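**Student:** Mind having a look at this structure? Questions to follow.
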Amino acid sequence: MSEKFSAIDTHAHLWKEPNFKYLDQIAEDGIIKQVWIQTHECHKVTDNYRSANCKEVLETARKYPGFILPFGYINWNKGAEQIDQLKEAGFFGLKAIRPIKNYDDESYYPIYERAEQLNMPILFHVGIIAKRTRELLTDPHYSPGPIRMRPSMLDTIAAIFPTLKIIQGHMGVPWCNELFESLWYYPNVYCSINGLIDWKWLIENLDRRSELDVPFHQKVMWATDTYYGLVKPDRIYRNLNFMRDFYHYAGQTYQWGKHGDDCLYNNAVRFRDEDFFN
């Protein structure tokens, strides 16, 4: 890995009424080139949980053009028309979390189809999810646990919509073997590494190759899942430096250890910019 490196945070959030000094510092430092901010309006705002909504994320993204890439929230009570509305509003991608039915339920297909047509990537939360009681959800029917968000459900979506860009948000813990299958079979599935990370799985599997001979280390992307505008920049940089050291030290006897720049930056650029599914 190069000594001078750049990074893209592919899965993060924005705090409501953010500390703009923190955002200014990170943007001006130039180490983190871009942050993909996810919205999830399925959670009620409380004193301890103040996540920015879609409107607030867009407003902040306009203040940091090119630095913040906004992902709009998929409302499971609405149809495919919302995807057009989010695209027109200025969102680059979409965030899927806490569905009312399983992710691969056929009633959601029109949403995924429209996202594919508009070239809007979807980041799906998969696996273990932070505890929220029904009283803290904006709709009591939203999934409070992970069972409707298993990684293998994305296989169906990836197969039916082969040019839809899909990110597995987190590693799908405890179903990492399902993550393996998704990365193996489907070129349109990538994974952001953050949250509860199965480091042993990464060490043992990053040198594997997909069915199309693509190394797994070219299909994972660094992320923090943290709140920009709340967390001090030093904490975010510690996370970044830890991932860099993981590749350098834990990976020194593996081929994937040479490819930290891919995880931190290059894979995100390819996923964001290239039409590599057609």
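**Student:** Would you check region 1-90 for Lys pairs whose C-alpha atoms are within less than 14 Å, ignoring same-chain pairs closer than 8 in sequence, and give me the count?
**Tutor:** Lysine pairs meeting the criterion: 6.
**Student:** Can you give me the Cα centroid spacing of region 112-145 and region 219-261 in angstrom?
**Tutor:** Centre-to-centre (Cα) distance: 25 Å.
**Student:** Give the share of C-alpha pairs in each 5 angstrom bin for region 58-132, from 0 to the last occupied bin, in whole percents, shortest bins first.
**Tutor:** Distribution as computed: 3, 15, 26, 23, 16, 11, 5, 1 percent.
**Student:** Can you order the peptides 103-109, 136-142, 66-72 by their average number of other Cβ atoms within 10 Å per residue, highest first?
**Tutor:** Ranked by mean Cβ neighbours within 10 Å, highest first: 66-72, 103-109, 136-142.
**Student:** May I ask for the Rg/Rh ratio of region 48-193, computed from Cα atoms with Rh as the Kirkwood radius, given to two decimals?
**Tutor:** When Rh is taken as the Kirkwood radius, the ratio is 0.95.
**Student:** I'd like the accessible area for E181: 1.4 Å probe, protein heavy atoms, all chains in place, Å² to the nearest 10.
**Tutor:** Approximately 90 Å² for this residue.
**Student:** Taking the C-alpha atoms of region 148-278, how large are the radius of gyration and the largest Cα-Cα span, Dmax, in Å?
**Tutor:** In Å, with Rg to one decimal and Dmax whole: 14.6, 42.
**Student:** Calculate the translational D of region 1-125 in whole µm² s⁻¹ from Stokes-Einstein, where the hydrodynamic radius comes from the Kirkwood formula applied to all Cα pairs, the temperature is 4 °C and the viscosity 1.567 mPa s.
**Tutor:** Reported coefficient: 84 µm²/s.
**Student:** Further question on the same structure: Suppose each label sits 7 Å from its Cα in the direction of the beta carbon; what would the T133-L212 distance come out to in nanometres?
**Tutor:** Taking the simple label geometry, T133 and L212 are separated by 4.7 nm.
**Student:** Could you compute Rg(Cα) / (2.2 N^0.38 Å) for region 127-216, with N its residue count?
**Tutor:** It is 1.18.
**Student:** A further question on this structure: Round to the nearest 0.05 the FRET efficiency obtained for E28 and C176 when R0 = 25 Å and r is the Cβ-Cβ distance.
**Tutor:** 0.10
**Student:** Considering only protein heavy atoms, what per residue accessible area in square angstrom results for region 1-146 with a 1.4 angstrom probe?
**Tutor:** 45 Å²
**Student:** Also, quick follow-up: Amide H of I68: which non-local residues (sequence gap of 5 or more, or other chain) have their own amide H closer than 5 Å, using H built in the peptide plane?
**Tutor:** V35
**Student:** Could you run the Debye sum over the Cα atoms of the chain, one equal point scatterer each and no solvent, and tell me log10 of I(q)/I(0) at q = 0.10, 0.11 Å⁻¹, two decimals?
**Tutor:** Log10 I(q)/I(0), no solvent term: -0.48, -0.58.
**Student:** Let me ask another. Among R98, R50, what's the order by accessible area (1.4 angstrom probe), most exposed first?
**Tutor:** Listed by decreasing accessible area, they come as R50, R98.
The values are calculated or read from the model by the stated rules, or taken from the named source; none is laboratory data. Here the structure is a predicted model, which is why all the values come from computation and not from measurement. Note that we place each Cβ from the backbone using ideal geometry, even for glycine, and neighbour counts take in every protein chain shown. For accessibility, only protein heavy atoms count, side chains too; no ligands or nucleic acids. Shrake-Rupley method; radii C 1.70, N 1.55, O 1.52, S 1.80 Å.
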